[in-house]
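The values are calculated or read from the model by the stated rules, or taken from the named source; none is laboratory data. Keep in mind the model is a prediction, meaning the values are calculated, not measured. We place every Cβ from the backbone using ideal geometry, glycine too, and count neighbours over all the protein chains shown.
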Amino acid sequence: MRGPHNIWRLIRTGATFERTGAMKIALEMLDVPPAVRIAARVLGWPFKWLGLKGDTTQPPVLRAITALGPAYIKFGQLMSTRPDVVGEQMAKELRVLQDSVAAFSTDIAKAEILTELGQSTDELFSSFSEPIAAASIAQVHRATIKATGQDVAVKVLRPNIERDFQKDIDAFYFAASTIEFLSPATRRLRPSAIITHFHSIVKGELDLRMESSASAEFAANTEKDAGFFVPQINWDNSAKRVMTSQWAEGIPLGDIDALKASGQDLPELGARIVQLFLRHALRDGFFHGDMHQGNLKLAPNGDLIALDFG
């Protein structure tokens, strides 16, 4: 429900931005109109003491966003791809959010797997690791399937993530409509449309069956593409909140030092990524829409590995 009851959530957001010192920075970087600046400070400053403290080792804006939780982190990640909206400097700072999310406990992940798959991790897997990667919506564990010995990656949604996201998205809608009302000039940036786009992205990512299907289709389309690999989905151990896929070893493309140490020709690798993206888009009309370095690995044999199809 998108109504005035969201004011409290916006006050908490403003208070957190004030407490962390992020409010002034964000308003200046975004070149926010005076009316919106006043509203933001009015909502935040008097309630500064109610704001979340966050991680004091982080820069102010990142500190505020990570303190406010997964929906804000996810939205920050989306905005990192929109320098036309937030500015080049802010977009660069927000890209750090790709790697700054704390994992939840392995015991909780195991409980989610039991609920979704009807069997415990001890029954399904001969090994099940601590989290090896964590994002705003889910985290990944490495495991070995007991019945087959296959190494797999098990992706598990965060507990209560659907409910928490919906509450924050409702507040985002309310904030966008308030901004458009207070400053009609901001309508050219289409704040409400940005939130609608964000909402549609999140809805797809909160059902891992959607990602599993997209991954399977992409794997089928690219099966004969030389030098390109998509891990196969293990459907027997996948559900709405759990996705199990073939484990793929490789160097993350964000690790430039490791890529150089491997002797990889980086300009050639970059050209290959662009060529593959264009081939998939033009040939299949179905392509990886988030092909950044965090979703790509380089296999020991030189193949590009594509991950994350949410």
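Note on region 13-36: residues that are surrounded by 16 or more Cβ atoms within 10 Å (Cβ to Cβ), farther than 16 Å from Gln166 by Cα and modelled with pLDDT of 75 or more total 12. Within this structure, Ala176 passes the test of being crowded, with 17+ Cβ neighbours inside 10 Å, within 28 Å of Thr66 (Cβ to Cβ) and of a type in the set (Gly, Ala, Ser). Exactly one residue out of Ile113, Ile65 is at negative phi and in contact (Cβ under 8 Å) with a residue 60 or more places away in the chain, and it is Ile113. Restricting the first member to region 257-285 and to residues that are farther than 15 Å from Asn301 by Cβ, and the second to residues that are modelled with pLDDT under 80 and surrounded by 12 or more Cβ atoms within 10 Å (Cβ to Cβ), the beta-carbon pairs closer than 8 Å and six or more apart or on different chains are Ile273/Met291; Phe277/Phe287; Phe277/His288; Phe277/Met291; His280/Phe286; His280/Phe287; His280/His288; Ala281/Phe287. For region 176-200, residues that are modelled with pLDDT under 80 and either touching a Ser or Thr at 6+ places or on another chain (Cβ under 7 Å) or among the aliphatic types (A, V, I, L, M) (or both) total 4. Within region 49-64, the set of residues being under 13 Å from Arg12 (Cβ atoms) and touching a Ser or Thr at 6+ places or on another chain (Cβ under 9 Å) comprises Leu50, Gly51, Leu52, Lys53, Gly54, Ala64.
Conditions tested, residue by residue: (1) crowded, with 17+ Cβ neighbours inside 10 Å; (2) in a strand (DSSP E or B); (3) touching a strand residue (DSSP E or B) at 6+ places or on another chain (Cβ under 6 Å); (4) not assigned by TED's automatic domain parsing to the domain that holds Asp55.
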residue: Ala71; (1), (2), (3), (4): yes, no, no, no
residue: Glu123; (1), (2), (3), (4): no, no, no, yes
residue: Ser129; (1), (2), (3), (4): no, yes, yes, yes
residue: Ala147; (1), (2), (3), (4): no, no, no, yes
residue: Phe165; (1), (2), (3), (4): yes, no, no, no
residue: Asp168; (1), (2), (3), (4): yes, no, no, no
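Candidates Glu205, Glu217, Glu180, Glu211: the one that is without any contact (Cβ under 8 Å) to a residue 60 or more places away in the chain and acidic (Asp, Glu) is Glu180. Can you say whether Val156 is within 30 Å of Asp255 (Cα to Cα), crowded, with 16+ Cβ neighbours inside 10 Å, hydrophobic (A, V, I, L, M, F, W, C) and without any contact (Cβ under 8 Å) to a residue 40 or more places away in the chain, as far as the supplied structure shows? Here the answer is no, as Val156 does not meet what is asked.
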